[in-house]
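The values are calculated or read from the model by the stated rules, or taken from the named source; none is laboratory data. On a predicted model such as this, the values are computed, not experimentally measured, just so you know. We place every Cβ from the backbone using ideal geometry, glycine too, and count neighbours over all the protein chains shown.
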Amino acid sequence: MSNPNQAGLNLAPQEISSGHEGGLVDQVKAYFSRVKNGDMGALPATGALLVLTALFAYLSPYFLTKLNFANLFVQAAQLTTLAIALVFVLLIAEIDLSAGVAAAVAMDVFYLTTTFGVPWPIGLVSALMVGVILGLILGFFVAKVGVPSFVISLAFFLGLQGVALILLGDGGLFRVEVPEVRAIMNDTLPLWGGWLLLFVVVAISAGLGFYDRFRRSASELVNRPVSLLLIKLAFITVVGGAVIYVLNLNRSASEVIEISGVPIVIPIVLFIIFAGTFLLDRTKFGRHLYAVGGNPEAARRAGIKVVRIRITAFVITSSLAVVAGLFHVSRIGVVEAAAGRTIVLSGVAAAVVGGVSLFGGRGRLVHAALGALVISIIDNGLGLLGFSAGISFVVTGTVLALAATVDAVSRRRGGTVRRT
Amino acid sequence: MSTPVIELTDVKKGFGPVEVLKGVNLQVHAGKVTALVGDNGAGKSTLIKGLSGVQPYDSGKVLFEGKEVDIHDPIQAAELGIEVVYQDLALCENLDIVQNMFLGREELLQRTLDEPSMELQATQALQSLSVRTVKSVRQKVSSLSGGQRQTVAIARSVLRNAKLVILDEPTAALGVAQTEQVLNLVHRLAASGVAVLIISHNLADVFKVCDEIAVLYLGRMVTQIKTSETSQNDVVGYITGTKSTEE
């Protein structure tokens, strides 16, 4: 890899590389060698996504229709947000089984406050506060008291179902009459809004990419070839452009009304992914979260406040879960006491399928989002083919088992199985 | 001789009825490698834990660069410039070398991580120790060998401008070639002006790299002697208690 300096002209011979050296071909080679060493990243989920899309497109004439395409995104939004929420606790090798019902209880609070005439933004803040408080309590038990998260969140899972029953009373559905909330999943951006969204996404990606390059150059560090960044930007532009083009077509089944445009939920989810990724990749908190997930003892010795990091992770998870709950309520328009019981397992499945490790310390938010898309496509595709929910569960379960196996095996190949 | 970086006088530490350190004296000089040897239970770990602030001493005088200090927690030890490289290394395998070297002391620019600056300093720290075994500073630690990990852990102390680096069994889990690498590294570390204190059971390593040898026997410092003025047999005698300098 290291090429000898010519005639010692270079004043500071770079004996140790940074992985940024070499042309495009070297970078691609380096990527494949990382994959070979067990660092699969988003590869399995992306592969599954392509295979499943091709498969369902072949099997069902409805799968690749404009209407189903838009539906898929809307259906996936809730699961994506929940999976992203769970990444924060999965990264520290913990789990929060109560995230789904915690979100349901928070939305019950939202329903109750707004029904009693509180303005909806305040209702929403109260719901989020419920998430924050539940996360604080859960995090306290796990990080400070030392109760295994599996057990304590299971206790919350049961207890909060009871709270939901007490708040709403037995049975029945309660309509949420807040047009702003209903709009999230059911209304769309104007057509130009979609293109503006694409522009903003590309501009932010380009801005961050070039800023990083500038900073490295200023420190006289080697940069990756600029073509790599340009390819990435072109990819976002083309794929994003295609998605927005399709979403902007009229997808209504009837001739009377027109439905077109990007669902409002999509920019919200994109923002959550962006903000979360920024937090994880570029802030001290994010770095410490990964450190605590990788080796808590090392983190402690490095002076990291492990307890505080753990509690914060639980708070982020349950508050983001509330947002997922909000999407759910927006879509179906009602709250009910039995809400949120099953989805949390799909959320964990989505994160793991996407490549977030159950052993902690490894995974990214985009991976969880990809995993959520995979699970949503399975659900959607099998439904279109007329299979029962039973088959869908079996297939999803199988995919999760497969993903967890890949996780365990690649972890071993990465040499991280033992902690000495 | 110049002022020692660390000088312990009559240091005592007990746990309940058990007195582990019964009045220990120790001097560690800048630019020198001092070995701390002794059988299991002699009090080596307790001595180190006192220096690193994990378990403060009960009594005794601790001079750091000639000034009396009271080290009562790890943060204070780190502020003085005392770094401990533990046997189990304390690295995060899921993070890369730069991230590990700056763990807990990340540099920020506008409240976000200043990666270029950290990468540059990490590279320079490794280069200052003439490390050639590490291919890329952005490698994950999980992909490194035991010797390379030890290298990263030692380089981390350089990065922190440590004045006293304490190495706990640095070669215990390493093969022959890797042990050689780490010993060379220790040598260069001392040559750069750092005081190095090594705990080791391996006398061959100790005689290869250390300038002085301090021997603990049942909580007492039997001797602190120049490596050139003693032999491996004598040191074994001190360790097992069959030989002593005084009395």
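Residues that are within 7 Å of chain A (Cβ to nearest Cβ) and of a type outside the set (Val, Ile, Thr) within segment B:112-140 comprise B:113, B:116, B:117, B:119, B:120, B:126, B:127, B:132, B:135, B:136, B:138, listed in sequence order. Residue B:21 meets each of the listed conditions (1) within 14 Å of another protein chain (Cβ to nearest Cβ); (2) of a type outside the set (Gly, Ala, Ser); (3) more than 20 Å from residue B:194 (Cβ to Cβ) apart from (1). Could you tell me whether segment A:162-175 includes any residue that is touching a helix residue (DSSP H, G or I) at 6+ places or on another chain (Cβ under 8 Å), in a loop (DSSP other than H, G, I, E, B) and buried (at least 16 other Cβ atoms within 10 Å of the Cβ)? The answer is no; no qualifying residue exists.
Scanning for something within 11 Å of chain A (Cβ to nearest Cβ) and either of a type outside the set (Asp, Glu) or buried (at least 22 other Cβ atoms within 10 Å of the Cβ) (or both), does segment B:64-71 turn up at least one residue? Checking segment B:64-71: not a single residue is within 11 Å of chain A (Cβ to nearest Cβ) and either of a type outside the set (Asp, Glu) or buried (at least 22 other Cβ atoms within 10 Å of the Cβ) (or both).
Total residues in segment B:226-236 satisfying the condition of being crowded, with 16+ Cβ neighbours inside 10 Å and touching a helix residue (DSSP H, G or I) at 6+ places or on another chain (Cβ under 8 Å): the figure is 2. Filtered by the rule that a residue be in a helix (DSSP H, G or I) and under 20 Å from residue A:22 (Cβ atoms), segment A:216-255 gives A:216, A:217, A:226, A:227, A:228, A:229, A:230, A:231, A:232.
Taken over segment B:82-105, residues that are in contact with a strand residue (DSSP E or B) (Cβ under 8 Å, 6 or more places away or on another chain), at the interface with chain A (Cβ under 8 Å from one of its Cβ atoms) and crowded, with 19+ Cβ neighbours inside 10 Å amount to 3. Among helices (runs of 4 or more DSSP H) entirely within segment A:275-367, having at least 3 residues that are within 19 Å of the chain's Cα centre (by Cα) singles out A:284-294, A:306-332, A:343-354.
Would you mention how many residues in segment A:205-230 are without any contact (Cβ under 8 Å) to a residue 40 or more places away in the chain and either among the β-branched types (Val, Ile, Thr) or away from chain B (no Cβ under 11 Å) (or both)? Within segment A:205-230, residues that are without any contact (Cβ under 8 Å) to a residue 40 or more places away in the chain and either among the β-branched types (Val, Ile, Thr) or away from chain B (no Cβ under 11 Å) (or both) number 8.
In segment B:62-85, the count of residues that are modelled with pLDDT of 90 or more and farther than 17 Å from residue B:166 by Cβ is zero. Look at segment A:10-29: where a residue is more than 8 Å from chain B (Cβ to nearest Cβ) and a partner is outside any loop (DSSP other than H, G, I, E, B) and modelled with pLDDT of 65 or more, sitting 6+ places away or on another chain with Cβ atoms under 6 Å, you get A:24/A:227; A:27/A:228. In segment B:33-56, the residues that are farther than 15 Å from residue B:201 by Cα form Cβ pairs under 7 Å with partners that are among the aromatic types (Phe, Trp, Tyr) and surrounded by 20 or more Cβ atoms within 10 Å (Cβ to Cβ), at six or more places apart or across chains, as follows: B:50/B:57.
Can you confirm whether segment B:192-206 contains a residue that is in contact with a Gly (Cβ under 8 Å, 6 or more places away or on another chain) and buried (at least 17 other Cβ atoms within 10 Å of the Cβ)? Scanning segment B:192-206 turns up at least one residue that is in contact with a Gly (Cβ under 8 Å, 6 or more places away or on another chain) and buried (at least 17 other Cβ atoms within 10 Å of the Cβ). Restricted to segment A:41-116, the set of helices (runs of 4 or more DSSP H) holding at least 1 residues that are touching a Lys or Arg at 6+ places or on another chain (Cβ under 9 Å) and within 17 Å of residue A:344 (Cα to Cα) comprises A:66-90, A:99-115. Given the condition in contact with a helix residue (DSSP H, G or I) (Cβ under 6 Å, 6 or more places away or on another chain), without any contact (Cβ under 8 Å) to a residue 60 or more places away in the chain and not polar (S, T, N, Q), answer yes or no: does some residue in segment B:80-91 qualify? No: zero hits.
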